[in-house]
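Below: one structure, written as structure tokens.
The values are calculated or read from the model by the stated rules, or taken from the named source; none is laboratory data. The model shown is predicted, which means the values in this text are computed figures rather than measured ones. Note: ideal-geometry Cβ built from the backbone for every residue, glycine included; neighbour counts use all protein chains shown. With ligands, DNA and RNA removed, areas are computed over all heavy atoms of the protein, side chains included. Shrake-Rupley method; radii C 1.70, N 1.55, O 1.52, S 1.80 Å.
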Amino acid sequence: MTAIHFPDADYAGRIARVRAAMADQGVDALLVSVGNDLPYLTGYGAMPSERLTMGVITANDSVIVIPELEAPRVVDRGASSVHPWGETEDPIAIVAKLAGRARRVAVGAQTWSVFLVRLQQQLGGAQFVDATAVTRPLRIIKDESEIDLLRRAGSAVDAVVERLRTIKFSGRTEAQLARDVMEMTVEEGHEVATFHIVASGPNAASPHHEPGDRVIGDGDCVVVDFGGRLGAYCSDTTRTFHVGEPTAEYSEAFAALEASQSAGRAAVGPGVVAQDVDRAARQVLVDSGHAEWFIHRLGHGIGLDGHEDPYLVEGNTEVLQPGMAFSVEPGIYMPGQWGMRIEDILVCTQDGRECLNNSPRSLVIVE
Ligand code: ZN
Ligand code: ZN
């Protein structure tokens with residue numbers, strides 16, 4: 001596992017704000033373990049392990065309960081203290097004691113049930129709720145330092161796309177190309193490459209295709225969707241390549257896709273309802289006759305997690321606000337034949353939007 005180094009940030013301010021959210025919602029103790037709520041609030045990310053690491057935030061305390069052998073990993077951010085536990089101690093009992101007489105306990109969404117069940121036993125009588133209710137309102141609005149990291153991550157994947165535009169695709173397998181993409185993602189400044197979809201020919205009709213042994217050849221479309229983490233923040237972009245000239249059918253569909261993605265980007269702004277951005281992009285494909293093959297939502301939020309709130313999807317009536325960051329990524333997937341997708345990350349601003357991916361979006365003809 002590659003260690004992610006979380007950036008310097010106003011952790012004291014974040015803890016103060018989450019306490020205010022807790023007070024609003026009657027939450028007496030916030031317990032966060034693996035996942036990104038803990039690093040968002042404390043600057044420390046738990047190792048996913050049978051040894052419990054848990055941030056315990058109450059009205060008066062912010063403590064990271066951590067295995068003694070991992071305590072040296074914690075960088076002192078000045079906002080939380082560390083409570084190491086030895087191999088023969090019961091960390092659940094320590095957390096329960098720190099939580100005191102909490103009546104309403106918010107638990108991080110990704111906390112393992114092996115810990116949660118025991119916490120529920122030891123904090124008998126307390127009501128347990130999903131911590132997302134108190135952390136989501138903070139995490140969904142990115143501050144300037146977070147946007148700057150997302151921007152840098154976006155530029156780094158754009159640089160990878162620039163390099164991909166000049167390399168030979170044909171004769172190589174999806175898996176080989178995926179490995180190159182991963183290496184370039186790190187070379188361009190990410191700490192870690194987190195995913196790399198290379199889907200060629202009929203495989204491109206599967207939006208989350210796992211790159212395999214298929215050899216890319218003349219006449220293939222190739223969807224490349226990849227990203228990593230830079231300063232702990234995620235990148236995620238998709239461009240579609242084509243080995244040689246595409247068919248008229250493919251070109252026509254791609255023109256519609258470009259128009260759809262452009263309409264989606266143009267629809268982003270403060271005060272806009274999330275589902276209306278999806279609708280704006282989808283309508284273009286309804287008009288062109290391709291909507292039946294656009295089989296997923298338009299976009300997802302992005303930050304410390306690759307997929308987080310807000311989701312641009314029919315049914316989400318959340319209003320976009322400055323500081324929200326998300327993807328706009330329509331695709332057209334013709335089963336058994338071909339696929340295509342264009343994806344950028346955008347940030348909603350006071351007066352519209354900033355696009356964090358700026359490599360050319362048109363179909364890239366490669367050899
Ligand atoms: Zn993607
Ligand atoms: Zn995405």
Take the Cα gyration tensor of segment 170-328, multiply each eigenvalue by 5, square-root it, and list the three semi-axes largest first, rounded to whole angstrom. 27, 23, 11
Non-local residues with an amide H under 5 Å from the amide H of residue 65, with H modelled 1.01 Å from N and Pro and chain starts lacking one, are 54, 55, 56, 83
Projected area averaged over all directions for the convex hull of the alpha carbon atoms of segment 142-221, nm², comes out at 5.9
What one gets for segment 11-139 as the Kirkwood radius, inverse of mean 1/r over different Cα pairs in Å, is 14.2
If eta is 0.890 mPa s and T is 25 °C, what Stokes-Einstein diffusion coefficient results for the chain, Kirkwood Rh from Cα pairs, in µm²/s? 112
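Taking the Cβ of residue 84 as the centre, find all other residues whose Cβ is under 14 Å away and add up their charges (Lys, Arg: +1; Asp, Glu: -1).
Within the 14 Å Cβ shell, the charges total -4.
Provide the per residue accessible area, probe 1.4 Å, for segment 144-366, rounded to a whole number of square angstrom. Could the numbers behind the result be given before it?
Values: 8210 Å² over 223 residues.
Dividing the accessible area of segment 144-366 by its residue count gives 37 Å².
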On the accessible surface of segment 51-165, probed at 1.4 Å with all protein chains in place, carbon and sulfur together account for a percent value of 49
Could you tell me how many degrees, from 0 to 90 and to the nearest 10, lie between the Cα long axis of helix 248-267 and the main elongation axis, the longest principal axis, of the Cα atoms of the chain? 40
Which ³J(HN,Hα) values in Hz, rounded to whole numbers, follow from the phi angles of segment 100-111 under the Karplus curve 6.51 cos²θ - 1.76 cosθ + 1.60, where θ = phi - 60° and Gly and Pro get x? x, 9, 4, 9, 10, 10, 9, 10, x, 4, 9, 5
Report, to the nearest 10°, how far helix 144-164 tilts away from the longest principal axis of the Cα atoms in the chain, using its own Cα long axis and a range of 0 to 90°. 30
Calculate one ³J(HN,Hα) per residue across segment 210-223 by plugging θ = phi - 60° into the Karplus curve 6.51 cos²θ - 1.76 cosθ + 1.60, and present them in order as whole Hz with x for glycine and proline. 8, x, x, 8, 4, 7, 6, x, 4, x, 8, 7, 9, 8
Determine the calculated [θ] at 222 nm for the chain from helices alone, applying -39500 (n - 2.57) to every DSSP H run no shorter than 4 residues and normalising by the residue count; nearest 500 deg cm²/dmol. -10000 deg cm²/dmol
Using R₀ = 45 Å, calculate the FRET efficiency as 1/(1 + (r/R₀)^6) where r is the Cβ-Cβ separation of residue 367 and residue 16; round to 0.05. 0.20
What is the spin-label model distance, in nm, from residue 127 to residue 162 if the labels are put 7 Å beyond Cα along the C-beta direction? 5.5
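Tally Lys/Arg at +1 and Asp/Glu at -1 over every other residue whose Cβ is under 15 Å from the Cβ of residue 126; what's the total?
Values: positive: 97, 101, 103, 104, 118; negative: 28, 130.
With Lys, Arg at +1 and Asp, Glu at -1, the net is +3.
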Got a sec to turn the phi values of segment 126-141 into Karplus ³J(HN,Hα) couplings, 6.51 cos²θ - 1.76 cosθ + 1.60 with θ = phi - 60°, whole Hz, x for Gly and Pro? 6, 8, 9, 10, 6, 5, 3, 4, 9, 8, 4, x, 7, 5, 6, 9
Against the longest alpha carbon principal axis of the chain, how many degrees, from 0 to 90 and to the nearest 10, is the axis of helix 274-288 turned? 20
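Over segment 1-107, what relative contact order in percent results from Cα pairs under 8 Å that are six or more residues apart? Let's see the in-between values first.
On the way: 164 pairs, mean separation 30.6, N = 107.
Worked out over segment 1-107, it gives 29 percent.
Net charge near residue 195, counting Lys/Arg +1 and Asp/Glu -1 over other residues with Cβ under 9 Å of its Cβ? Kindly include the intermediate steps, with their values, before the conclusion.
On the way: positive: none; negative: 225, 236.
Net charge around residue 195: -2.
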